[in-house]
1. Restricting to region 26-44, name every residue that is out of contact with any Ser or Thr (no Cβ under 9 Å at 6 or more places or on another chain) and within 16 Å of Glu14 (Cα to Cα).
2. Within region 37-92, take every residue that is farther than 14 Å from Leu27 by Cβ and of a type in the set (Lys, Arg) and give me the one that is nearest to the chain's Cα centre (by Cα).
3. Given the chain, what helices (runs of 4 or more DSSP H) lie entirely inside it while holding 3 or more residues that are touching a residue at least 24 places away in the same chain (Cβ under 8 Å) and surrounded by fewer than 16 Cβ atoms within 10 Å (Cβ to Cβ)?
Amino acid sequence: MLSESVMQALRTVEDPEAGMNVVDLGLVYDVSVDAERVRVAMTMTSPSCPMAPYIVDEATAAVRGVLPEGFEAEVSLVWDPPWTPERMSPAARERFGWTD
């Protein structure tokens, strides 16, 4: 399934400040596929993240790398709902010491 391939591609995109991929960090909110476009809605841990343009560019390139010919990739930043550590994978929360 294309959405699963896109998520796998996004796992290769690392937030250089956190040293972890954007999926495990909980930064990817949605992946939607229509006739010839894949849309990814993602966020940053903070609206003032200086790495946001770089991460969006890397995410766009990763998604384009798995798309069939004729598909377009659209990666956009969203701020609602705000990111919280609860969005992180259990492994990510453990790595950063945010476990119960």
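Values in this text are rule-based calculations from the coordinates and carry no lab data. As the structure is a computational prediction, the values presented were derived from the model and not from experiment. Backbone-built Cβ (ideal geometry, glycine too); neighbour counts: all protein chains shown.
1. Here is the first cut: in region 26-44, the residues out of contact with any Ser or Thr (no Cβ under 9 Å at 6 or more places or on another chain) are 30, 34-37, 43-44.
Answer for region 26-44, where residues must be out of contact with any Ser or Thr (no Cβ under 9 Å at 6 or more places or on another chain) and within 16 Å of Glu14 (Cα to Cα): Thr43, Met44.
2. Arg39
3. Working: elements: 2-10, 52-64, 90-95.
Fully inside the chain and qualifying: 2-10.
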